[in-house]
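Rule-based calculations on the coordinates, nothing more; no lab input. This structure is a prediction, so every number in the text was calculated from the model and none was measured. Cβ sites come from the backbone with ideal geometry, for glycine too, and all protein chains shown count toward neighbours.
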Amino acid sequence: MNPLSSLYERYARKKKGLGGWISRNLIVQPIEWQLAETLALIGPEDRGAPPVGDDFDLVHVINFFPPPDETVRKVQAHVTASMRAAWARAPERVKIGNTQLADEADQTPEGFLRCPPLEKEIGQFLPAERRLTLIFEILARAAALAGPDDYIIYTNSDVSLRANFYVTVRELIARYGFDAIIIDRKNVAADLLEVEEPALLEAESGSIHPGHDCFIIRRRLFDRFVPTDTCIGAGGVSPALTYNMAAFSELTLLVTNAHMIYHFGDDRQWRKNKAFMALGNHNRREYETLEKKLREKGLGARIDAFRKGWDNAPGRFAFFHKPRVGMTRPAA
């Protein structure tokens, strides 16, 4: 039996009956719904303002690092191939690049842009076994390549793209005017990494994952974000971005169950030892400080709506809590 199955069962039970319009600026795909059913809740008057004439690029910058073992090497090679395949379907409007620490051996794949190096890593803040980099620095490298109406994209270096990824993202933005999109990955069997024939992998829809793994942000929106020193590769990364999105976005979509990105297995390495727990505690302090700053700006209600409606929604049988999907956009 999969030892993680109980985790996902608990996640599914907690989220069942939640989603849809959770606030004026946030719409979430209920985990049991198709994405098209969620998008059908967005009426013409609810749509945001997409870039004029669909004139925008996607800028996707990733942080590849020297692989410590053969499995990581294979994963990063697969991620590279998946990004190339997705880029080939929209090459004129997509830029893909890599950024890493200056003194690391260059891992930039052929055909990727080599972005300016990163300047910070977690060892500057606390003792750490790995030189984990900071998510806002990576996004800043993407933002430097983007115009105000372009969109910057972050995914981890172990998250692969489906071939329709960039085309689908562009269509979502052009049709609905989202200024931010969050996409949760699907987990596929780890042994599929060793399968040379891609047909089985393409057929595998994967299982839902209780975490946020891909962030797509209009650059003019990113310019308003309050930055943090949150490191990647540990727990507690996503609030640095989701809280900013909740605070400043005009219209954010959270995709929880779609065939867009995937990950081989789910080792949840960041929960396994004290070193990773220390990194998670660092990230927790960062997003708690961020929350305080946003509340000082008068944006606390927006964060509360996100946390209450989805991120930290009360249990299904808590007093006075009746799970329901928000079918219409709140007035305020």
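Computed packing ranks the peptides 79-88, 225-234 as 225-234, 79-88, most packed first, by mean other Cβ atoms within 10 Å. Beta bridges per DSSP, both residues in the chain: antiparallel share near 45 percent. Fewest neighbouring Cβ atoms within 10 Å first, the residues ARG224, ARG93 line up as ARG224, ARG93.
Sorting 248-258, 199-209 by average packing, meaning the other beta carbons within 10 Å per residue, from highest down gives 248-258, 199-209.
This ranking places HIS60, HIS259 by how few other beta-carbon atoms lie within 10 Å of each, fewest first, which gives HIS259, HIS60. Computed from backbone phi, the HN-Hα couplings of segment 109-117 come to x, 4, x, 8, 6, 9, 7, x, x Hz, rounded to whole numbers (Karplus: 6.51 cos²θ - 1.76 cosθ + 1.60, θ = phi - 60°; Gly and Pro given as x).
The amide H of LEU118, built 1.01 Å from its N in the peptide plane, has GLN100, LEU101, ALA102 as neighbours under 5 Å, considering only residues 5 or more places off or on other chains. Charge dipole of segment 105-163 (Cα centre as origin; +1 on each Lys and Arg Cβ, -1 on each Asp and Glu Cβ, all else neutral): 80 debye, rounded to the nearest 20. Taking the number of Cβ atoms within 10 Å of each Cβ as an exposure proxy, the fewest-first ranking of VAL195, VAL72 is VAL195, VAL72. Cross-link partners for LYS297 among the lysines, with Cα-Cα distance under 22 Å and sequence neighbours closer than 8 places in the same chain left out: LYS308. Taking amide H positions as modeled 1.01 Å from N, with prolines and chain starts lacking one, the residues under 5 Å from GLY97 and 5 or more places away or on another chain are HIS60, VAL61, ILE62, LEU113. Taken about its Cα centre, the chain carries a charge dipole of roughly 1480 debye when the Cβ of each Lys and Arg holds +1 and the Cβ of each Asp and Glu holds -1.
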